[in-house]
1. Using only the alpha carbons of region 67-160, determine the length spanned along each of the three principal axes and report them from longest to shortest in whole angstroms.
2. In the chain, with Lys and Arg counted as +1 and Asp and Glu as -1 at Cβ, which of these residues, ALA32, ASN103, ILE215, has the Cα nearest the positive end of the dipole, that is, farthest along it?
3. How large is the dipole of region 7-242 about the Cα centre if only Lys and Arg carry +1 and Asp and Glu carry -1, each at its Cβ, rounded to the nearest 20 debye?
4. When a footprinting reagent is the concern and you count Cβ atoms within 10 Å, what order do LEU121, LEU306, LEU334 take, fewest first?
5. How many nm is it between the label spots at GLU182 and PHE344, if each spot is 7 Å from the Cα in line with the beta carbon?
6. For region 260-495, give the magnitude of the charge dipole about the Cα centre (Cβ charges: +1 Lys/Arg, -1 Asp/Glu; no others), in debye to the nearest 20.
7. Toward the positive end of the charge dipole of the chain, about the Cα centre and with charges on Cβ (Lys, Arg +1; Asp, Glu -1), which of ILE315, ILE420, GLY402 goes farthest?
8. Rounded to the nearest 5, what is the percent of antiparallel bridges among the DSSP beta bridges in the chain?
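We did not get these values from a lab; they are worked out from the coordinates using the rules stated. Because the structure is a prediction, the values reported are computed rather than measured. Please note: Cβ atoms are built from the backbone with ideal geometry, for glycine as well, and neighbour counts cover all protein chains shown.
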Amino acid sequence: MTMMEEKLLVMRGITKEFPGVKALDHVELQLAKGTVHALMGENGAGKSTLMKILMGIYQPDDGEIILNGQKVKIESPKRAHKLGISMIHQELMPILDMSVADNIFLYDYPARKGIVQKSVLYQKTEALFRDLGIEGIDSKAFMKELSQAQMQMVEIAKAVSAKADVIIMDEPTSAISDHEVENLFRIIRTLRAKGVGILYISHKMEEIFKISDFITVLRDGQYIGSAPSIELDQEKLVSLMVGRELKSIYDRHPAVTGEVMLEVRHLKCKGVCEDVSFKLHKGEVLGFAGLVGAGRTEIMEAIFGLRKRQGGEIIKEGKKLDIRSVRDAINHGLALASEDRKRFGLFLDLPISYNISISWLNNLAKVGIVNRGNEKEQAYKFSKDLRIKSSSIKTKVGKLSGGNQQKVVLAKWLLTKPDILILDEPTRGIDIGAKQEIYTLIEQMAHEGKGVIVISSEMPELIGISDRIITVHEGVIKGSLTGKEITQERIMMDLG
């Protein structure tokens, strides 16, 4: 039996129910040694639930797991770790008040007589970073001091450090640059050559066909089928995932743009930008392109009152705005959906209804008392309009799939009835069907005369949905591209 044929992991008949939802219904999965096996499906298909069962986070209601030919019971993540299973989670879960090194070696501290050897801990971390080609991250820094992209690289290092037989990668490239993606693929090829089995989840089709050997598709919690990647193409894969053919994902009907709605003049923000100026028109979808760390997010945070400005003007429809806080921005008709929905966009332990209404509570209340009936009515309306999949608006947001969590974030801001909607990585970690729904929503807002700003690290997405693209490099606006100027080559020239 060759390495490619030897089964490292078999999951058979896996079933899992939550109140009102059958998340998995007798799902099958087989992983061979030395292979990259992609697990595909729309948000809510059951991919993350299946992986959480493999990691011992959830317990299956039925089915069995066979690892290296032995039936195993995985009661906890610690047990998974001991069995040689490691995971890079889609939604990062670092311990923010601990160091980078502590996070990586949490289960494997170098200790002598029960005392952690800090110098050895830092040396091991730095050696690991060198081996993986990870640069610019201090092993002693607290996790809360890192950017989202840096946290993602730490999670990748943590999974590799465990020297696991099975590594689960759930959207590992969602927050990293193209250079870091290529570095990750180099690491994956090295691990594959050593016989490690990798379960890879991504909504980026190009990645799947570039890195995977096999593909398994789930739909609505059910096993649809498995095949070698070479036997599938993007059209076939999408059809298996959604159960129907999708029209072109960027099939746009641009709105007619009108007068200037928002003008930013000479914006200055310490450590971010010195002199940023741009205009947004009514009915326009304005894209912001830039490499990780270019300052796109920080510029929008400064406009929205999340970050202190040292200078500059924000003018809406000819009127200069005094925005010193998020509440000021909301009152002036601005909304910002953050790139990190779990840290800054949602209350995971609270229901959908509360998460949707939180930004508009002042308008749902009389004499300081929230009208719960009105709150539920609005939450139900937006849940229905955005097709949020859940058993009830009382469902805790933490129980939803990533795509549905993102829809809750959008619903929260749409309830404020903004004139200007800023979307930072709006489709990160979202399947192709949900992406199309969000693109339709963006287009609908533009047709209503709203102004939409989109930050995205996915170049095809930005090109496909934008009327105009502003390029940003190290906090400086390099260009404003329209029409035939909007090409990947031209954008990369500006960003270089």
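1. That gives 42, 36, 26 Å along the principal axes, largest extent first.
2. Final value for the positive-end residue is ASN103.
3. 1120 debye
4. By the 10 Å Cβ count, ascending, the order reads LEU306, LEU121, LEU334.
5. Taking the simple label geometry, GLU182 and PHE344 are separated by 2.9 nm.
6. 960 debye
7. Result: GLY402.
8. 60 percent
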